[in-house]
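Here's the structure, in structure tokens; my notes come after.
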Amino acid sequence: MPSLLQFLPSPTKRAPMGALPLLLVAALAFAGPQPAAAAGPPAAAAPVVTSTTAASMTLDALAEAHGRYFGSATDNPELSDAAYTATLGSEFGQITPGNSMKWDTIEPQQGQFNFAKGDAVVDFAQQHGQSIHAHNLVWHSQLPSWVSALPTGQVRAAMENHITTEAGHYKGEVYAWDVVNEPFNDDGTYRTDAFYNAMGTAYIGDALRTAHAADPGAELYINDYNIEGSGAKADAMYRLVSQLKADGVPIDGVGFQTHLAVQYGFPSGMRANLQRFADLGLDVAVTELDVRVQLPADAAKSATQSDYYRQVVEACLGVARCVGITVWDYTDKYSWVPSTFPGQGSACLYDENLQPKAAYDAVRAALGGGSGGGDDGGGGGTGNSALLVQYRNNDQNATDNQIKPGLRLVNTGGGAVDLSTVTLRYWFTADDPGGSPAATFDTWCDYAVIGCGTVTHRVAAASGSPAGADHYLEVGFSSGSLAAGASTGDIQLRLNKTGWTAFDESDDYSRTTGASYADAPRITAYLGGALAYGIEP
Ligand code: XIL
């Protein structure tokens, strides 16, 4: 039913401040980004938070320092797990009910509403000072069969009644609503669900207007998956929300579910894609983040997973209207992945024993926090400095007697970097290190744009012999400065065992088969000895 409300301007609202104490917010305000100046410390991508403060801050507090929230999905059965709720209630500033507000839970029979489960999640969030991104009102899935069985002429009234009753029940309690969930197929065509079959695309605007009438203060979202990067489905969503805005339909945001998988690669151009939606005058949010791997997980998959989490955080922080990030539950103990994608799992920031993983450290670091103790075996996480390492493999033979990494160091920050404070580590296995005598190495710089004379190199044994990495090639610089935005250019390195026995590089931690330069999170960089880029093995 078209409503006059569609002509009212959407009230200006901002993301809730979550559970962060106001004093801390005030303190952080002084530490915000500084205006560009000719002199002074390099401008960091993140607000400057002193490391001792940052190390003790929660993910939500770190996000709050950027004006974002960091949230988690949860579900009713988990709320009786005290160890789980302790972290849910403290680390996160926002909650999304994973199932408790879906149609089949709320209105399993026509006209019979049951809000107990949704109310329990709202109670938890309110007790912990957390905002609620409510999920969802209109979706093809977890939809009771009575809706699909309705004559098409009755679907609209049923949909409007469902929205009015549910959004009305939670009026004033929730920050946002996913009004329409997953309207598109992967090729960008519309899903032919009960709503589309009854009303065509008009159901979307009708649902948004109905939700706005029921709770005028809630931010209204359309939410979908596989729209994070560029592609046909993202384009379809872009056309839809452009049209809704042009028509004056109340829509405030687009939710990017961001259910990623290591084996499918990172969505191309995520930041730019979020930005084009923001440029329409919409908020954007990462609403259901997880990064699954094919089991068993190993060091390489874990490193890629951490890198994807980092990239998602950086994409959101790079878009002013990206209001926050929600993980689709924070622990593997309650992840939806293993039951939905057989053979896959380990998708979350915390493991099944509720211990933070390397991905957690990567998220912390990307938010400007220090290491929070994630179990990455190397005691570090992805750094948040302005350094980026790129790598190409100059020797495709994995079983000969030399290893030939090509490396480039890029300064992505706003100030110059003193190269004499930087070291890089390429992690590999010697394969017969315990031989007699134990392996020793020769290392070589064959070519460097900046001159091999300033490039230092040596091999050292890794402590603890992590998988795929009992040694590392350490590369340093005797002098020089890398200007903001500059790259060292190609540095061609080579190493061999002094006994010239063969390597088996196939399991080496830092190696890929890529023959052209690409970002290399498994090659670590250090500033003054502190991890500044990449994930240690
Ligand atoms: C999932 C829940 O996490 C599972 O418990 C349930 O069995 C199926 O739905 N996109 C969405 C979410 O919008 O509602 C889905 O949640 C995950 C995919």
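The values are calculated or read from the model by the stated rules, or taken from the named source; none is laboratory data. The structure displayed is predicted, hence computed values, not measured ones. Here Cβ is always computed from backbone atoms with ideal geometry, including for glycine, and neighbour counts include all displayed protein chains. When the accessible area is computed, the model is the full protein with side chains, heavy atoms only, and any ligands, DNA or RNA have been set aside. Shrake-Rupley method; radii C 1.70, N 1.55, O 1.52, S 1.80 Å.
Odds and ends about this structure:
- Principal axis analysis of the Cα atoms in the range 435-480 yields extents of 35, 21, 15 Å, listed in decreasing size.
- Candidates Gln243, Gly343, Thr87 compared by Cα position along the dipole of the chain: farthest toward the positive end lies Gln243, with charges placed on Cβ.
- Estimated distance in nm for a label pair at Asp432 and Gln142, the labels positioned 7 Å out from Cα along Cα-to-Cβ: 5.8
- Lys/Arg +1, Asp/Glu -1 at C-beta; the chain dipole; positive extreme among Gly188, Ala439, Pro77: Gly188
- Within a straight-line Cα-Cα reach of under 22 Å, Lys497 can be paired with the following lysines, leaving aside sequence neighbours fewer than 8 residues apart in one chain: Lys404.
- Calculated FRET efficiency for the pair Ser80/Ser506, C-beta based, R₀ 35 Å, to 0.05: 0.15
- Across the chain, the mean sequence separation of Cα contacts (distance under 8 Å, 6 or more residues apart), normalised by length, yields a relative contact order of 12 percent.
- Projected-area mean, the range 51-366, by convex hull of Cα positions, square nanometres: 15.2
- Here the spin labels are modelled as points 7 Å beyond Cα on the Cα-Cβ line, and at Lys245 and Asn185 they lie 2.8 nm apart.
- Taking label points 7 Å from Cα along the Cα-to-Cβ direction, Ser420 and Thr399 give a separation of 4.6 nm.
- Potential lengthening between Ala530 and Ala515 on full extension [0.36 nm per residue; Cα-Cα distance subtracted]: 2.5 nm
- Cysteines not pairable in the chain (beta carbon separation under 4.7 Å absent): Cys348
- Among the protein heavy atoms of the range 387-533, carbon and sulfur supply 50% of the accessible surface, probe 1.4 Å, non-protein parts ignored.
- Helix content alone sets the calculated 222 nm mean residue ellipticity of the chain: runs of n ≥ 4 DSSP H residues at -39500 (n - 2.57) each, divided across all residues, give -7500 deg cm²/dmol.
- 1.4 Å probe accessible area per residue over the chain, in Å²: 39
- Burial order of peptide ranges 467-474, 188-195 (average beta-carbon count within 10 Å, highest first): 467-474, 188-195
- By the rule of a C-alpha distance below 27 Å, with chain neighbours fewer than 8 residues away ignored, the lysines paired with Lys245 are Lys13, Lys102, Lys171, Lys233.
- Virtual paramagnetic centre 7 Å along Cα→Cβ of Asp490, amide N under 15 Å, in the range 447-473: 447-452
- Accessible-area order (highest first, 1.4 angstrom probe) of the listed residues Ile450, Ile95: Ile450, Ile95
- Ignoring lysines fewer than eight residues from Lys357 along the same chain, the ones with Cα atoms less than 27 angstrom from its Cα are Lys301, Lys333.
- Counting only Cα atoms, the size of the chain along its three principal axes is 81, 51, 44 Å, in decreasing order.
- Accessible-area composition of the range 51-366, carbon plus sulfur, in percent [1.4 Å probe]: 48
- Distance between the range 110-125 and the range 260-287 - C-alpha centres, whole angstrom: 31
- As computed over the range 53-143, the Cα convex hull volume per residue (Å³): 104
- Hz values of 3J(HN,Hα) by residue in the range 411-421 - Karplus curve (6.51, -1.76, 1.60), Gly and Pro given as x: 9, 8, x, x, x, 5, 10, 6, 4, 5, 9
- Cα centroid separation - the range 162-180 against the range 458-537, whole Å: 52
- The charge dipole of the range 387-533, taken about its Cα centre with unit charges on the Cβ of Lys, Arg, Asp and Glu (plus for the first two, minus for the last two), comes to roughly 360 debye.
- Values of log10 I(q)/I(0), in the order q = 0.17 Å⁻¹, for the range 419-518 under a Debye, Cα-only, solvent-free model: -0.84
- Within the assembled protein chains, the solvent-accessible surface assigned to Tyr526 is about 10 Å², based on a 1.4 Å probe.
- A straight chain from Gln112 to Arg271 at 0.36 nm per residue would run longer than the Cα-Cα distance by 53.0 nm.
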